[in-house]
Structure formats: structure tokens, C-alpha cells
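Take a look at the structure set out below.
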Amino acid sequence: MKKNKLETLCVHEGQLKDLENKGAISPLYMATAYAYDEVEVTRYPRYFNTPNQVGLAKKIAALEGAEQGIIFGSGMAAISTALLSHLRSGDHIVLQADLYGGTTNLIVEEFEKFGIEYSFSPGLLASDLEKLIQPNTKVVFIETPSNPLMKLVNLEAVAKMAKKKGVISIIDNTFASPINQNPISFGIDVVIHSATKYLGGHSDILAGAVVGSQKHIEVVFQMAKNLGGSLSDYTVWLLERSMKTLSIRVKAQNENAVELAKFLENSKSVDQVYYPGLKSHPDHELACLQMNGFGGMLSFELSRSHDLDLFQKNLHLIKPAVSLAGVESTITIPTKTSHALISSEERKAQGIKDNLIRFSVGIEHFDDLKEDIDQALIKSKL
């Protein structure tokens, strides 16, 4: 059977058929109690197998080219379950250093309690990660583009290295989304999404997802059913609805982000712009090789000639807000939000400065976003 394109998968894959009323959208099954006798599958929300849960997991897995998937109550539930399901006491994990702050906090604060050893690699080359692999290493964990400096990791090189060393490769693919990047096609084993972000796309859903081979997802499921991080079917239904527009939303955000990155790069009020779509980005050539689009996320360092707080306060369209990837444009200061839990020394080591702003570009008109930034820069000039 012919495989449909991403745009078509977003709309149709995993959609449930309304056999009774022939409605055009998936029916919503709200039950938490299902029959157990004379049925093929005993369904239970905590077992991630209600009709809506199964349908949504199928959609996300198809978009990533994976065999199977599981939907979780949050991105962190997805990350923690995926990692803990593949690690045991006495095991070791290698991670890149510049990760989402919540992931770093999970590792640093919790893993020692489980007797799991870890090493963070300041370098992002496959060879940098390989140097840290030990006889008891079981997992290599990466995130590309990284949060918040948009650094890239060579997916194919990491996948080959992991297979050579006999370890499982896991990636947080949230910033790219399945529209812009498909790590499994490069050999990565397990892909994680904070579905709160691009998959939901409207700043009103909290969810996570893990996809991979049937073998790997079965391992994740055995842990997931005990930890209980499932998602309510109503939220699952809302997320499946939101994902119908994923492709057109992300492509619009890509287009805006490219233009805004160029605009900011040419501004005297900005010291540095981090965006893989810029030719000045050190990983631009790699982005062209492994990404289908450069993404809607960028970050920039505001010049010291401007007051950071005044700049935020004077924005009208662009909202200072935590989280990202909604249809509306938002900014956040990583040192105060996503990376506030890690030490200032660690932030400095990662290159995250106090004047760094992370910009989640929405689907508004470029001219309006540019005008909003311009007027805020004028009003924040010292």
C-alpha cells in the first residue's frame, strides 16, 4: 500500500471511524471501564490502549516513520519513562550537555537515587559522546536542535556510533517536530516529543510521546504501565485534532523564523543570533543535510545597550511566556525559565548568557512581528 505524504498523514493517519453516525472526525471514547470477557483486548487508560490513545500513537509513529508509539501526560513523563525503562541500577548513560533544563534536572537530581551513573558531554560530535562510553553504558541521549542555543548533532553519526557500541540511541525531537526532522530515518532508535509544543501547537495541551520499534516501545510500556503517566482521552482527542494542522503550522513558522533570524542578525541591537537556517550558523550545512526545514525556534542575545526587562514589557504581539511552539509568537529568558534550575556556572559553561532570549516564532504576519520587535527595541534603548 502506498505511503501517504506527511501532510496527508497529519490529517488522516490514526483517525478513528465513526461507524454509527459517519462523522468526519474521530469519535471520542471517554470510558475508563471496558469489558474484559469475550474481547480481543482488555482496554484500560493506564495501559495506553483506549481507542483514542491507540489512534493518536499511530499518527505520531507514522509521522516519524516508527513502528509503534505511546502517548504520555507530559513531555517529562515521556522522557523519564523512556530513560528509566532502558536503564537499571549500575547502568550508565551518556548525554550531551546542552539539553532542556528539565531533562538535566531529572538526571542530576534523581538518577543517583536509582544507582544510575551518567556523563554529560560538552562536545556534540559523535566522537565526543563515544569517548564517554563505558562498559556499563546502555543509552546515549541527544537533543537536536538543542535548547536554547540551537546546536545540532549529526544524527547518522551518533546512530552508527551507538550501534557499533551496542547502546540505545534516544533523541528529544521536540524542537524540530516530525515535519522538520525524522531521526529514525538516520538510524536513531527511540524518538521523544513534548507534545505540549508543536504537536499540540495551541498552548492548551500538556502531553508527551515516545515512538520507536515495537521492541523498544514494548520495553517502555512495561515501565509506563507501572508509573501511570497516561493521558486522558479528552486531551488525546484534542491533540489528534490539533495535529491535523501540524504540517501547515510548522511550515508557516519555518518561513517566519528564517526571515526574523535574518532581520535580527542585521540589527545593531542584537549581538548574536542562533538559528540553523542562517549561513552564519556553524551547523548550517548539517541542518541542510538532516532537516527538512530549519524550524520555528531561534534565540538571540540582546545588546547590553538595551534593557532586557523593558524590551519584554514593551512587546505587544509577542508574549513573554514559558513553553513554546504555539501558533502565537512567544519569548522567554532561559536563565529565568527553562534553565533556571541549573547553576549559573553550568549555564555559563553551556554558553547561555543572561541576555539570551529564546524566541518561539508563531504564524502571524512577518511584517507585524518585525514591527513589534522594532518598537520594543526603541523603547528599551538605554
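Each reported figure results from applying straightforward, stated rules to the coordinates on display, with no laboratory input. Remember, predicted model here, so these are calculated numbers, not experimental data. Positions of Cβ are backbone-derived with ideal geometry, glycine not excepted, and every protein chain shown enters the neighbour counts.
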Practice problem: Determine the percent antiparallel among the DSSP beta bridges restricted to the stretch 246-379, to the nearest 5. | Solution: 85
Exercise. With everything on Cα atoms, drop me the angle between helix 155-165 and the longest principal axis of the chain, reported from 0 to 90° to the nearest 10.
Key: 50
Quiz item: In whole Å, what is the distance between the alpha-carbon centres of the stretch 9-54 and the stretch 204-250?
Solution: 14
Quiz item: Can you give the relative contact order of the chain as a percent, counting alpha carbon pairs under 8 Å and 6+ residues apart?
Solution: 18
Quiz item: When only alpha-carbon atoms count, how far does the stretch 6-243 stretch along each of its three principal axes, as whole angstroms with the largest first?
Solution: 59, 37, 30
Quiz item: Helix 101-110: angle to the longest alpha-carbon principal axis of the chain, degrees 0 to 90, nearest 10?
Solution: 60
Quiz prompt | Order by protection proxy (mean Cβ within 10 Å, highest first), peptides 369-382, 227-240 | solution = 227-240, 369-382
Quiz item: Which shape class, rounded, prolate or oblate, goes with the stretch 246-379 when its Cα gyration tensor gives a ≥ b ≥ c as root eigenvalues, a/c under 1.5 marks rounded, and past that a/b bigger than b/c marks prolate?
Solution: rounded
Practice problem: With a point put 7 Å past each Cα toward its Cβ, work out how far residue 35 is from residue 5 in nm, to one decimal. | Solution: 4.3
Quiz item: How far is helix 233-243 tilted, in degrees, relative to the longest principal axis of the Cα atoms in the chain, given as a value from 0 to 90 rounded to the nearest 10?
Solution: 50
Quiz item: Rounded, prolate or oblate: which one fits the stretch 1-101, using the alpha carbon gyration tensor with axes a ≥ b ≥ c (rounded when a/c is under 1.5, else prolate when a/b beats b/c, else oblate)?
Solution: oblate
Quiz prompt | FRET efficiency, residue 204 to residue 314 (Cβ-Cβ, R0 25 Å, nearest 0.05) | solution = 0.45
